[in-house]
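Working notes, beginning with the structure itself.
Read-outs throughout are calculated quantities, based only on the coordinates presented, and are distinct from any laboratory measurement. Because the structure is predicted, anything quoted here is derived from the model rather than measured. Cβ placement follows ideal geometry from the backbone for every residue including glycine, while neighbour counts extend to all protein chains displayed.
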Ligand SMILES: NC(=O)c1ccc[n+]([C@@H]2O[C@H](COP(=O)([O-])OP(=O)(O)OC[C@H]3O[C@@H](n4cnc5c(N)ncnc54)[C@H](OP(=O)(O)O)[C@@H]3O)[C@@H](O)[C@H]2O)c1
């Protein structure tokens, strides 16, 4: 898999690091009962994540933001601070570097003083034509969209399951529901992620952890800029408003906008002998 620079934690945290087992049940219950939500955003400069961060900051939630681009991250963090986030911690990290995940996540939880929500927004669309010719390009898409989230979620699942609390909200995609010629490498990375997240929910929902598979249809962000038909894609602010509510509820599987639940049911129902001749 890809080699990448090591993670760099921007803000030194002062709280002592404790393992989940060292936190008492009483502390966990008290944390849940009141106060702003402690939200970790992985891939915080994503268009969808930024719109969610604005809403979380407006209501005074505590945020820890992780992104690979320091300049963009500083802008997002400054905006969240101005809006009224009750806490801001940040780390610059290339999340392709799975070896650095444990350190980044431990710092985040230490900075927040616990964790209510982890929101995984990192992802790359990649270049499908390039990925058809060159395995390294396909490998990069699979690594960022599937391998890196699996590494992050493995750590986060064990942390939250031990505490019997938390929500893991993961941005997968409707593209993972059926492979098609125009983006099957990206689609397969999201199909893998969807299956992983669904299975994780089956494992730790009973431990009191909400695990959410989020499947956006096309949304107007940097990822889709300049695409054919992009003017008609979903508005990112509306998508974020739906997601913030869904995350508060801890829904299992979220299609956003909701119409994509119906569209994908139709697309999945098309017989393969017809589907394979379609230009999608
Ligand atoms: N927009 C859509 O139509 C759509 C539809 C379905 C699903 N999704 C999914 O939703 C998520 C957010 O996408 P978006 O639309 O908000 O697109 P976006 O604005 O392009 O966001 C993608 C984010 O992932 C970050 N990222 C990529 N590789 C990373 C790495 N190695 N380490 C750390 N961060 C990394 C990018 O960082 P940089 O800012 O540094 O590039 C960027 O902030 C993605 O998982 C995407 O697949 C999007």
remark   = Contact order relative to length for region 31-152, counting C-alpha pairs under 8 Å separated by 6 or more residues, stands in percent at 29 percent
ask   = Angle between the Cα long axis of helix 184-204 and the longest principal axis of the chain, 0 to 90 degrees, nearest 10?
value = 40 degrees
note = So, relative contact order of region 27-275 in percent, Cα under 8 Å, 6 or more apart, is 18 percent
ask   = If you rank 266, 117 by fewest surrounding Cβ atoms within 10 Å, what's the result?
value = 266, 117
query = How large is the helix-only mean residue ellipticity at 222 nm for the chain, computed as the sum of -39500 (n - 2.57) over DSSP H runs with n ≥ 4, divided by its residue count, in deg cm²/dmol to the nearest 500?
reply = -14000 deg cm²/dmol
query = If you line up the long axis of helix 259-269 against the longest principal axis of the chain, both from Cα atoms, how many degrees apart are they, to the nearest 10?
reply = 50 degrees
task = Enter the Cα centre distance for the pair region 159-210 and region 55-125, rounded to the nearest angstrom.
result = 20 Å
key: Burial ordering of 212, 223, fewest other beta-carbon atoms within 10 Å first   = 223, 212
query = Picking from 209, 244, 75, which is most flexible by a Gaussian network model of the chain using Cα springs under 10 Å?
reply = 75
remark   = Per-residue Cβ contact counts at 10 Å, fewest first, order 86, 173, 182 as 182, 86, 173
ask   = Going by alpha carbons, how many degrees (0 to 90, nearest 10) lie between the helix axis of 148-163 and the longest principal axis of the chain?
value = 40 degrees
note = Classified through the alpha carbon gyration tensor (a ≥ b ≥ c as square roots of its eigenvalues; rounded if a/c is under 1.5, else prolate when a/b is larger than b/c, else oblate), region 172-258 comes out oblate
